[in-house]
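The values are calculated or read from the model by the stated rules, or taken from the named source; none is laboratory data. Not measured: the values here are computed from a predicted model. Methodologically, a virtual Cβ is constructed for each residue, glycine included, from the backbone with ideal geometry; neighbour enumeration extends over all protein chains shown.
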Amino acid sequence: NFSMSNLQNDPLLQVETTCGSLLYELQIIWDEVGESDAERDKMLLELEQECLEVYRRRVDQANRCRAQIRQAIAEAEAELAAICSAMGERPVHIRQSDQSPGSLKAELKTILPQLEEMRKRKCDRRNQFLEVFEQIQRIRSEIYTSTEYTPSNTAVDETDLSLRKLEELHRELHSLQKEKSDRLKQVLEHMNTLNSLCLVLGMDFKQTVNEVHPSLGESEGTKNISNDTIEQLAAAIQKWREVKLQRMQRLQDLATSMLELWNLMDTPVAEQQMFQNVTCNIAASEHEITEPNMLSVDFINYVEAEVSRLEELKASKMIELVLKKRSELEEICRKTHMIPESESAMEIAIAAIESGAVDPASVLEQIELQIAKVKEEALSRKEILEKVEKWMSSCEEECWLEEYNRDENRYNAGRGAHLILKRAEKARAMVNKLPALVEALASRTTAWEEERGIEFTYDGIRLLSMLEEYTILRQEKEEERKRQRDQKKLQGQIIAEQEALFGSKPSPMKNQSGKKGSRLSCGGASNRRLSLGGPMVQTPKPDILPSTKATPNARHVRKNDRLHQNDQLNHPRDDGVAALSAGRRGLDIAGLPAKKHSFNAVNAREAESAMMRKPFSPISSTDSSKSNATTILEDLNRKHEMLQKTLTNITTPLTTPSKVTSAADEENRTPKTMAIPLPSTPSTVSVAMQTAMTPAAPPVLYGAHPVEEIDEEIEYSFEERRAGFVLPKTHLKTMLQV
Amino acid sequence: IRIGDRKYHDGGTTGRWAGAREPPSDGISNLRFSNHSDHLLVSSWDKSVRLYDASANLLRGEFMHGGPVLDCCFHDDSSGFSASADNTVRRLVFNYGREDILGRHDAPVRCIEYSYATGQVITGSWDKTLKCWDPRGANGPDRSLVGTYTQPERVYSLSLVGNRLVVATAGRHVNVYDLRNMSQPEQRRESSLKYQTRCVRCYPNGTGYALSSVEGRVAMEFFDVSEAGQAKKYAFKCHRKSEAGRDIVYPVNAIAFHPIYGTFATGGCDGYVNVWDGNNKKRLYQYSKYPTSVAALSFSRDGRLLAVASSYTYEEGDKPHEPDGIFVRSVNEVEVKPKPKAYPNPTT
């Protein structure tokens, strides 16, 4: 049992036992079978050999296994070493064979975890590398476009995973990152520049940028920062800057012409204000123009349109200017009594300007040239013209004197008679000097004509012929006067004869009563003077005067006694006297401009010539040898006589008072055609005062209430009304008593 | 300058318009330039007298009265006088803002003048009297009153030149006094114009006076009573408008003589100011229309400025009207200088 238990415990012992028993069994079998010993030996050898074979195989196997383990250890060690070297680390494990812990398996067991550990670390390191590398790659790919990018360092170099290398990579990454940010900054800068350019030029920034690179237009996301993009951006900037410069030049040119035009045409400030932003940039440099759309095509077109509008305006203004200059020329001609170039030439010139065939400036220049020429000629004519003026005024005075001499009542004393006498005296002196004046004028004119080889014309008529005519006329008049004198002498003889017959000598003065005659002639004289200015409209004047106002005072009574009591009684007007004298004065004043006018504007007012004296105009063929002036004077005289006649006709059956009234009325009548209306606009042209009496239509009193006043009996001023001031009863009574 | 309005006028040659604060809040009764500076004294229906510096465009002082102020005048540059509807005559001292009552009338005081010749203040009132005051004896009304002179009617306008005083009253009376003998008028006249007198102003040369009426007319009168002297007088129409064949005639509220040229400006209810040359009987200039009636006019001492009170004068009673304003304009010589006659007139 004991051995059995031993056997059972040790399999080898068991196997040995089993082998012995099996051999025994075999011996028994063999005995039974009767095998020969040879056979038995052969079989036992075979068995032995078989056993050996099995052992040999096992040893080989074990041997192979050992070798394998050894190799594994060596490999692991080699790998470990490689990893360590790659990671730039001192090998952790150096095998010391004598120190080896024992079996190969144990050795392997210790080395494997180390390897594992190192492998893990290497993997980590590699990942780190990869990460950095990836970043580098990414940035590289961003910076360099794919085409120029060479994938040289695509893979991580497994042999060098040292920290130093990692650091190196990190440095590279940093520098790349810096470059990237630099580039980004540059791109953004470019984009900013481009944006401001686009703003000023009025272009779509997004579109411009998209053309360079689509990524730039997006507000989010990374921007392309490749060399290509930067170059393109720079190129775009360059391009638009050039455009900007061009446009700026254009705008500044426009602004310059605009300023010139404004200046030329005095364009109102309000109108200028709209383009102030244009003109203020006239001297700005490129970078100073930053206002959005300042250089956009639309804006430039807008400014261009304004400039062309101004140009057009200028063209029309030029015509205006030309016309103005033309009228200036005419004015000078008129003043110097020369005949300007014909109107049609001017119209042709203007038409030419309008059609654009001629530069208005050149026309203007021509006119200015003409003006200068005319001015020069005017200067040479001045002396003669002054003499002509003097001659003409002398002639006028001569005419007046003639007329005055014909007035038989001229020596009757009346108000202002001394002045008329003085005038007559002056006129006589002037007339005496006339022939000498004419002669001097003629010789002067002749000298002038000889010097210049042209005729001296006065309003288109040769002055010499005018003078000649005048001389002839004068001679005729002289003869006429002589004839009259003879006739008078004859008459005197007849009267003397009659006196001899009847013994009485009727004085021509006694034909009319002194006072009455004087007044009438006075009225007539003023009428005559009046009618020189134009036809007189005589409208009956309604009596607008409140009868209650009739309060003649002492002064009036005194005057009335002396002169025209009845007039005052019939027309209880407080300012009658003043008005009478004022009226006459007013007529004088009113008459003056008209007279002057007839001198200056002979050509202008043909219509008025019927009534107006037209001095020294050519004698029309239908006229007799007498000048217009005398004709008109005669005409006037006829009229005057008629007036006198009618007055006498009317007055004869009536009493004296009404006669005087009508005469006074005559004087106070408003000469409608001569009244110079007050211009509503302020003017520096002085205007004659309206000293004439109340106009034909009853005036409307503004604010004053004359009717009310009469009703109330007491007048109040505006201030009294406003202050509510009422005269106390006592005052009223005393006033009424007074 | 338009006092009270910051409106600028771009009308080129006609003068400058600027503005100051605080114009009178009611109608302007009169305004006068000082004889020593460009100070402007303005009396108003808003019961105030205001002193402006026209060149600096400043309100210098203000005095409030018990009633509307109908007239004011300067004493010297530092004091003045006012005539009020509360019957008082006051003396105003600008520097101290002090005022004292010189005396009283029995009715509103319409006009006031200070005579440099006599050193007296002369007031005219609707109580039909003229009073002379001595402002130096301003201790009490009894001591300052020099004399009271009865007038035929309520006094409407006064004007002084040298020792001559012209008093225009209701009823178209005109009395001419010699200040040295006020016991009775030197001349008693009736207005040459047949309607109520609005304003009377003496010629600066002392030979006569201009008188305007409510019926758009001004009479030019002469003191010289000789026939030759009176022959010179005349009247002329002005401040009229022809509308639909009818003449609208406006009252002529104000006359102001130019201190240097002797030409004069008239202001009417038509809102126009005309400048006339009385010797040559010419109108020299018409200023563009003012917003409402021209109530008062005054040339500055050198005639370079013209103050115009554009203020409704109640000619049509209480009715809505344009705001009252004071315009101070610079005067161009061409507007006021007499023009020699263009043509020698042998009859004058």
Only one of (1) within 16 Å of the chain's Cα centre (by Cα); (2) at the interface with chain A (Cβ under 9 Å from one of its Cβ atoms); (3) closer than 22 Å to B:ARG110 by Cα is not met by B:ALA265, so which one is it? (2)
State yes or no: is A:VAL209 surrounded by 14 or more Cβ atoms within 10 Å (Cβ to Cβ) and within 36 Å of the chain's Cα centre (by Cα)? no
Mind listing just one residue for me: the one in region B:220-231 that is surrounded by 16 or more Cβ atoms within 10 Å (Cβ to Cβ) and out of contact with any Leu (no Cβ under 9 Å at 6 or more places or on another chain) and, of those, farthest from the other protein chains (Cβ to nearest Cβ)? B:PHE223
Show me the helices (runs of 4 or more DSSP H) found entirely inside region A:210-314 where at least 1 residues are farther than 28 Å from A:LEU176 by Cβ and without any contact (Cβ under 8 Å) to a residue 40 or more places away in the chain. A:227-265, A:269-273, A:276-279
Which condition breaks for B:ARG91 when tested against (1) under 20 Å from A:GLY724 (Cα atoms); (2) in contact with a helix residue (DSSP H, G or I) (Cβ under 7 Å, 6 or more places away or on another chain)? (1)
Could you please give the count of residues in region A:417-442 that are touching a helix residue (DSSP H, G or I) at 6+ places or on another chain (Cβ under 8 Å) and either outside any helix (DSSP H, G or I) or more than 10 Å from chain B (Cβ to nearest Cβ) (or both)? 11
Screening B:ARG188, B:ARG201, B:ARG180 for residues that are crowded, with 22+ Cβ neighbours inside 10 Å and either of a type in the set (Lys, Arg) or under 25 Å from B:CYS132 (Cα atoms) (or both) leaves only B:ARG201
The correct count of residues that are more than 14 Å from chain A (Cβ to nearest Cβ) and of a type in the set (D, E, K, R) in region B:70-116 is 9
Given the conditions (1) part of a loop (DSSP other than H, G, I, E, B); (2) under 22 Å from B:ASP76 (Cα atoms), every one holds for B:SER157 apart from (1)
Find the residue count for region A:438-485, including only residues that are under 59 Å from the mean Cα position of the chain (by Cα) and of a type in the set (Lys, Arg). 3
Just the residues that are in contact with a Leu (Cβ under 8 Å, 6 or more places away or on another chain), surrounded by fewer than 24 Cβ atoms within 10 Å (Cβ to Cβ) and more than 15 Å from B:CYS132 (Cα to Cα), please, taken from region B:56-91. B:LEU59, B:ARG60, B:GLY61, B:GLU62, B:PHE63, B:PHE74, B:SER79
Wholly enclosed strands (runs of 3 or more DSSP E) of region B:175-219 bearing at least 1 residues of a type in the set (Phe, Trp, Tyr) and more than 11 Å from chain A (Cβ to nearest Cβ): B:208-213
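Within region A:187-197, is even one residue more than 41 Å from the chain's Cα centre (by Cα), at pLDDT 80 or above, surrounded by 15 or more Cβ atoms within 10 Å (Cβ to Cβ) and part of a helix (DSSP H, G or I)?
Yes: one or more hits.
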Quick check on B:SER242: is it among the hydroxyl-bearing types (Ser, Thr, Tyr), away from chain A (no Cβ under 12 Å) and either in contact with a Ser or Thr (Cβ under 8 Å, 6 or more places away or on another chain) or not in a loop (DSSP other than H, G, I, E, B) (or both)? no
When only residues in region B:298-318 that are free of Cβ contacts under 8 Å to residues at least 40 places away in the same chain and within 14 Å of another protein chain (Cβ to nearest Cβ) count, which is surrounded by the most Cβ atoms within 10 Å (Cβ to Cβ)? B:GLU316
For region A:103-114, which positions are within 20 Å of A:ALA67 (Cα to Cα) and either modelled with pLDDT under 75 or part of a helix (DSSP H, G or I) (or both)? A:LEU104, A:LYS105, A:ALA106, A:GLU107, A:LEU108, A:LYS109, A:THR110, A:ILE111, A:LEU112
Go over the candidates B:ALA107, B:ALA83, B:ALA117 one by one and state the one that is small (Gly, Ala, Ser) and under 24 Å from B:GLU190 (Cα atoms). B:ALA107
